[in-house]
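**Student:** One structure is given below, represented as structure tokens, and several questions about it will come after.
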Amino acid sequence: MSVWPPKTDNGGQPPFKYPFSFAHRSVYGGGWTRQVTVRDFAISIKMAGVQMRLIRGGVRELHWHVQSEWAYTISGTCRITAVDQEGRAFIDDVSAGDLWLFPGGIPHSIQGIGKEGCFFLLVFNDGNFNEFTTFLLSDWMRHIPKDVLAKNFEVPASTFGNLTHEELYIFPAQLPRSLLTEQQEVSQETGFVPETYAFFASQMPPNVTRLGGEVRIVDARNFPITSTGNISAAIVTLKPGGLRELHWHPNDDEWTYFVKGKARMGVFAAAEMARTMNFQEGDVGYIPISQPHWIENIGDEDVIFLEVFPTRYFEDVSLAQWLAHTPSRLVNQHISTGEAFITSIEKFKAVIRPL
Ligand code: MN
Ligand code: MN
């Protein structure tokens, strides 16, 4: 909310926040899902998000879609599978804090296997993505003539007599066999995908550690499939009072997701337009390319949020670093702080304050 804005707010900037709790929740036997797309959230042109909960054993049906899928596991454990263009297999188990990236068109599935299944966030590199119009295995199969299926697999048409006539989509199912057993089965003859689709961010040391929090960056530098999937991210923890420093992203729009805590974000949209809004668990933010912004922890517990980009590489420009590397006389003639302050600014990128 921006009920009591700071006096620095000004102008008619449209909202850059949409809570998942505003989205309709579609409930199935195996779990539930809801989405935030450009159809609900006008500013979010380049990315859309989906929350999904799968019960223990619950399966998100084998499917694919045009867009790439980047995912962050919020709680529980998921068994994920995929197969690439060369028939090479991928299968792994991811838990809270871990993520995956399936490039567009790669067929995949997700199953809840934790004690209470799993809960995760999906991000797609197109604001127009629609979770309810993906290519489903069972949907396609039942729209293919049985004689064509028979010819395709060179078996009798009766093989396909039990195809379901109802959508599976998210359904309760038997638990999978052990990861090792399933890995051995699916990799026969073709082996595994050369670049894994899973990334165990929960075990990654931070790129940046400050008194005010820490940041983990996951992009093509440490997760090679990002070069194909084109979605990168920063996973940020802010301690109470911590600030994600004044910055902007020169390479693309930011899709922000608040995993936990209470935060405040201020965005400047040029032409004297500035707006401040509060965020909490389950809220989405969206910041157009190069609009400068800051995020502050205003609660008394840690804030965890994700900055997601439809790019191969994470990039940001820091206000402090810009000023620190510009002649102090020139800067002082803009902001009148005195040159002593300008020359004292750290030359490295802070990312988070306090240092
Ligand atoms: Mn998918
Ligand atoms: Mn940012």
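The values are calculated or read from the model by the stated rules, or taken from the named source; none is laboratory data. Nothing here was measured: the structure is a model prediction, and the numbers come from that model. Using ideal geometry, Cβ is built from the backbone for each residue, glycine included, and neighbour counts are taken over all protein chains shown. Surface accessibility is based on the protein's heavy atoms, side chains included, excluding ligands, DNA and RNA. Shrake-Rupley method; radii C 1.70, N 1.55, O 1.52, S 1.80 Å.
**Student:** Could you list, in sequence order, the residues of the range 27-69 that are outside any loop (DSSP other than H, G, I, E, B), under 16 Å from the mean Cα position of the chain (by Cα) and either within 16 Å of ligand 2 (Cβ to nearest atom) or not hydroxyl-bearing (S, T, Y) (or both)?
**Tutor:** Matches in the range 27-69: R34, Q35, V36, A48, G49, V50, Q51, M52, R53, E69.
**Student:** Would you please list the contacts, defined by Cβ atoms under 6 Å and residues six or more apart or on different chains, that run from a residue in the range 341-354 that is farther than 13 Å from W322 by Cα and charged (D, E, K, R) to a residue that is at pLDDT 95 or above and open to solvent by less than 70 Å² (accessible area, probe 1.4 Å)?
**Tutor:** R353/G212; R353/L243; R353/E245
**Student:** Separate question: Condition first: in contact with a Phe, Trp or Tyr (Cβ under 6 Å, 6 or more places away or on another chain) and among the small types (G, A, S). Now tell me which residues in the range 265-297 satisfy that.
**Tutor:** Once the filter is applied, which keeps residues that are in contact with a Phe, Trp or Tyr (Cβ under 6 Å, 6 or more places away or on another chain) and among the small types (G, A, S), the range 265-297 yields G266, A274, G282, G285, S290.
Okay, residues lined up against (1) more than 14 Å from ligand 1 (Cβ to nearest atom); (2) out of contact with any strand residue (DSSP E or B) (no Cβ under 9 Å at 6 or more places or on another chain); (3) within 20 Å of S138 (Cα to Cα):
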position	(1), (2), (3)
Y28	yes, no, yes
R34	yes, no, no
S44	yes, no, no
G49	no, no, no
I55	yes, no, no
E61	no, no, yes
W64	no, no, yes
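**Student:** Return the only residue of E166, E195 being in contact (Cβ under 8 Å) with a residue 24 or more places away in the chain and among the acidic types (D, E).
**Tutor:** One residue alone meets the criteria, E195.
**Student:** Just for the range 185-215: of the residues that are within 15 Å of ligand 2 (Cβ to nearest atom) and of a type in the set (A, V, I, L, M), which one is most open to solvent (accessible area, probe 1.4 Å)?
**Tutor:** Only one residue fits best here, namely V208.
**Student:** Looking at N152, N128, can you tell me which residue is of a type outside the set (A, V, I, L, M), open to solvent by 40 Å² or more (accessible area, probe 1.4 Å), away from ligand 2 (no atom under 16 Å from the Cβ) and assigned to a loop (DSSP other than H, G, I, E, B)?
**Tutor:** Criteria check complete, one pass: N128.
**Student:** Next question, about the same structure. Which number in (1) in contact with a strand residue (DSSP E or B) (Cβ under 6 Å, 6 or more places away or on another chain); (2) surrounded by fewer than 23 Cβ atoms within 10 Å (Cβ to Cβ) marks the one condition that V38 misses?
**Tutor:** The single condition V38 does not satisfy is (1).
Residues are listed down the side, and each one gets a yes or a no for (1) outside the structural domain of I298 (by TED's automatic domain parsing); (2) of a type in the set (D, E); (3) touching a helix residue (DSSP H, G or I) at 6+ places or on another chain (Cβ under 6 Å):
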site	(1), (2), (3)
P5	yes, no, no
T8	yes, no, no
P14	yes, no, no
V27	yes, no, no
I45	yes, no, no
W70	yes, no, no
S75	yes, no, no
I91	yes, no, yes
D98	yes, yes, yes
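**Student:** Based on this model, can you work out whether G114 counts as in a loop (DSSP other than H, G, I, E, B) and within 22 Å of T256 (Cβ to Cβ)?
**Tutor:** Answer is no for this residue.
**Student:** Scanning the range 287-334 for residues that are touching a residue at least 60 places away in the same chain (Cβ under 8 Å) and polar (S, T, N, Q), which turns out nearest to D98 (Cα to Cα)?
**Tutor:** Ranking the candidates gives T311 first.
**Student:** Which condition from (1) touching a Lys or Arg at 6+ places or on another chain (Cβ under 6 Å); (2) open to solvent by less than 20 Å² (accessible area, probe 1.4 Å) is the one that V218 breaks?
**Tutor:** The number of the failed condition is (1).
**Student:** Quick check on this structure: which one of S227, S232 is in contact (Cβ under 8 Å) with a residue 60 or more places away in the chain and open to solvent by 40 Å² or more (accessible area, probe 1.4 Å)?
**Tutor:** Every option except S227 fails the conditions.
**Student:** Which residues, taken from the range 288-337, are open to solvent by 50 Å² or more (accessible area, probe 1.4 Å), farther than 30 Å from S227 by Cβ and in a loop (DSSP other than H, G, I, E, B)?
**Tutor:** Result: I298, D300, E301, P327, S336, T337.
**Student:** Let me confirm something: among S109, S138, which residue is touching a Leu at 6+ places or on another chain (Cβ under 6 Å) and outside any helix (DSSP H, G or I)?
**Tutor:** Only one candidate passes the filter, namely S109.
**Student:** Among (1) under 23 Å from I295 (Cα atoms); (2) free of Cβ contacts under 8 Å to residues at least 60 places away in the same chain, where does T8 come up short?
**Tutor:** Failing condition for T8: (2).
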